[in-house]
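The values are calculated or read from the model by the stated rules, or taken from the named source; none is laboratory data. Fair warning: this is a prediction, and the values are worked out from it, not measured in the lab. Because the Cβ atoms are built from the backbone with ideal geometry, glycine has one as well, and the counts that use them run over all protein chains shown. Just the protein is used for accessible areas: all its heavy atoms, side chains included, with ligands, DNA and RNA removed. Shrake-Rupley method; radii C 1.70, N 1.55, O 1.52, S 1.80 Å.
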Amino acid sequence: MPIAIITQSIISAISIPTEADNINIHLQSGEVVSITKSEWKKGKKYATDDCFFYIRDKEKFEVKKSDIEYVRYESLETYDKTADFMKEYAQIQDMKEEDLIYYNTKRHKKSRTSQTFAVGAATIGVVANPWFIIVTPLPWTQARNTMKGVDYEYCVRGKEWKEVKANHKQKIKDLKAKAKEEKEMENIELVKS
């Protein structure tokens, strides 16, 4: 059982990025540049006052501050990690309410699961096996840190949560399809030239 608690803590700390986690930079020309957090992070070190870079497929791309109309986020996790840097380059549009509801509710549920594991480990440690007390701080710390980032104004339950989750899942499918279509168009243009 202590292994299950440690495993749960590790798994809940891992987040698999999706298309919704990208930073969407809307340019003055109408074009949208979608950058992953890792592409942004790799290019961040080359940034200057009037432009920043992102690295994609070992190639460095430049985005000038003057070319950016605004930046939009679909993910609260990406927003939290990159918005402070990006606001130096462009106006950041407010996140959509449905995204705020999804990510805040998800954080709340994740925190509650970690709390349950922490209480379970402490209880078993006191009642049956003291080794469980050793792993109690891991999920408890995780629950506390996750709970700090929750805005309860945007938390929902029950049927409303199921609907929000289904809509978010559909949105990710649509974003994947759009990204796949754009990639195919790029490949077609490369073949033509």
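On full extension, the segment bounded by residue 67 and residue 151 gains 26.9 nm, given 0.36 nm per residue less the C-alpha separation. From the largest down, region 92-172 spans 49, 28, 22 angstrom on the principal axes of its Cα atoms.
Cross-link reach is defined here as a Cα-Cα straight distance under 18 Å, omitting same-chain residues fewer than 8 places apart; for residue 148 the lysines meeting it are 81, 106, 109, 110. The figure for residue 59 is an accessible area of roughly 100 square angstrom, using a 1.4 Å probe on the protein chains alone.
Against the criterion of solvent-accessible heavy-atom surface with a 1.4 angstrom probe, 102, 46 sort, most first, into 46, 102.
Would you indicate which of (1) -0.34, -0.50, -1.28, -1.51; (2) -0.37, -0.55, -1.22, -1.35; (3) -0.22, -0.36, -1.22, -1.51 is the value of log10 I(q)/I(0) by the Debye sum over Cα atoms at q = 0.08, 0.10, 0.18, 0.20 Å⁻¹ derived from the coordinates of this structure? The value matching this structure is (2). Among the protein heavy atoms of region 14-95, carbon and sulfur supply 45% of the accessible surface, probe 1.4 Å, non-protein parts ignored. Applying 1/(1 + (r/R0)^6) with R0 = 35 Å to the Cβ-Cβ distance of residue 163 and residue 56 gives a FRET efficiency near 0.50. Given +1 at the Cβ of Lys and Arg, -1 at the Cβ of Asp and Glu and no other charges, the dipole of the chain around its Cα centre is 940 debye to the nearest 20. Projecting the Cα atoms of 101, 125, 156 onto the charge dipole of region 98-167 (Cβ charges, centred on the Cα centre) puts 125 farthest toward the positive pole. Heavy-atom accessible surface of residue 127, to the nearest 10 Å², is about 120 Å², with a 1.4 Å probe and all protein chains retained.
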